[in-house]
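Visitor: Below are the structure tokens for one structure; questions will follow.
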Amino acid sequence: MDSGLQGKTALITGASEGLGRAIALALASEGVHVALANRKPSPVTVKQIEAHGVRALPLAVDISQEDQVVHMIEQVISHFGNLDLYVNNAAGAWHEPVTRLTTEAFRKTIDTNLAACLWACREVSKHMIGRGQGSILIVGSTAQFNRGIAETSYHISKAGLRIYMTQLAVELAPYGIRVNLLVPGHYPTHLTASLSDERATMLKGKIPLRRFGRPEELGPAAVLLLSDRLSSYTTGAELVVDGGLHLRPIQLISDAELAALNRP
């Protein structure tokens, strides 16, 4: 199905690897020119984007700094002439138990995961309002549904993104700008790289599909929500792509017994 995105321009934060890279490649395959913002842009990812016959703009940005976020938006608009799509994806995690929370780690988490989104969407919205069109996609986390031990700051930041998304959707709707939330579960990224094999096995047991997601499985969902042709009447919505992780069923029987319950 044609997404109607060919020739559009997009900015994606945290786009050099992981989920951001997967979204960038999915958009590039639809003919979208992509600006990739990261602390350290990846030349490999840039080449992979350009292999689709579109333009790629790598940007070295520390999104926890407001002035750099503002400059990032200015650079993209100056380079491409306009910005049609914005994907807020970059995130960081500095976990601490509740009795050892530090101001430094809390502020770093909030600035990177939440404040950066506010700053970027503020600037992107000004541009899109002037054009009377645009689509914004915020990448959240199933952390908004389930509590994780020693992850207080991270969970606050991700829950805040959902609230901000709904506020944006309401205020930008009169200008024809759509805003949605994409909610991934557990995927192999730099944020999950420290998970031991034992804990990985344990976590898979809590996911109904019994496996972790592959980054490329998230790309089509991003395309769907960003496309005015495919999702013209969708704003303020959440699309969860997590293999069922957010359900966290209390399962007191084996997988074999579970499958047998509904077998013909």
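Nothing in this text is a laboratory measurement; each read-out follows from the coordinates by a stated rule. Keep in mind it's a predicted model, so treat the numbers as computed, not measured. When we count neighbours, we look across all protein chains shown, and the Cβ atoms used for this are built from the backbone with ideal geometry, even at glycine.
Visitor: For a Förster distance of 25 Å, can you work out the FRET efficiency between the beta-carbons of Lys40 and Gln167, rounded to the nearest 0.05? Please list the in-between numbers first.
Guide: Details: r = 32 Å, r/R0 = 1.27.
The pair Lys40/Gln167 has a calculated efficiency of 0.20.
Visitor: Report the gain in length on full extension from Arg131 to Leu101: 0.36 nm times residue separation, minus Cα-Cα distance, nm rounded to one decimal.
Guide: Between Arg131 and Leu101, full extension yields an extra 6.5 nm.
Visitor: Using only the Cα atoms of region 202-251, build the gyration tensor, take square roots of its eigenvalues as a ≥ b ≥ c, and label the shape rounded, prolate or oblate: rounded if a/c is under 1.5, else prolate if a/b is larger than b/c, else oblate.
Guide: The shape class here is oblate.
Visitor: Could you tell me which helices of the chain pass both thresholds, a Cα extent of 15 Å or more along their own axis and a mean Kyte-Doolittle hydropathy of at least -1.0, with helices taken as whole DSSP H runs?
Guide: 18-29, 66-80, 116-131, 152-172
Visitor: Need one number: nm distance between label points at Ser232 and Met202, each 7 Å from Cα along Cα→Cβ, rounded to one decimal.
Guide: It is 5.0 nm.
Visitor: Spin-label point model (7 Å from Cα, Cβ direction): what's the Lys108 to Ser254 distance in nm?
Guide: Label at Lys108, label at Ser254, 4.6 nm between them.
Visitor: Give me the log10 of I(q) over I(0) for region 9-261 at q = 0.08, 0.09 Å⁻¹, as the Debye formula computes it from C-alpha points; what are the numbers?
Guide: So the normalised log intensities work out to -0.31, -0.39.
Visitor: Based on the Cβ-Cβ distance from Gln75 to Asp2, what FRET efficiency comes out when R0 is 35 Å, to the nearest 0.05?
Guide: Values: r = 30 Å, r/R0 = 0.85.
About 0.70, to the nearest 0.05.
Visitor: List the pair-distance distribution P(r) of region 1-155, using every Cα-Cα distance, as the percent of pairs falling in each 5 Å bin from 0 up to the bin containing the longest distance, rounded to whole percents.
Guide: The distribution over region 1-155 is 2, 10, 18, 21, 19, 13, 9, 5, 3, 1, 0, given as percents.
Visitor: Additional query: For region 64-115 and region 8-51, what is the centre-to-centre distance using only Cα atoms, to the nearest Å?
Guide: Taking the Cα centre of region 8-51 as reference, the centre of region 64-115 is 17 Å away.
Visitor: Another question, if that's okay. Gain in length, Glu216 to Arg263, computed as 0.36 nm per residue apart minus the alpha-carbon separation, to one decimal in nm?
Guide: 13.8 nm
Visitor: Same structure again: Among Leu203, Leu224, which comes first, then next, by fewest other beta-carbon atoms within 10 Å?
Guide: Values: Leu203 15, Leu224 18.
Ranked by crowding around the Cβ, least crowded first: Leu203, Leu224.
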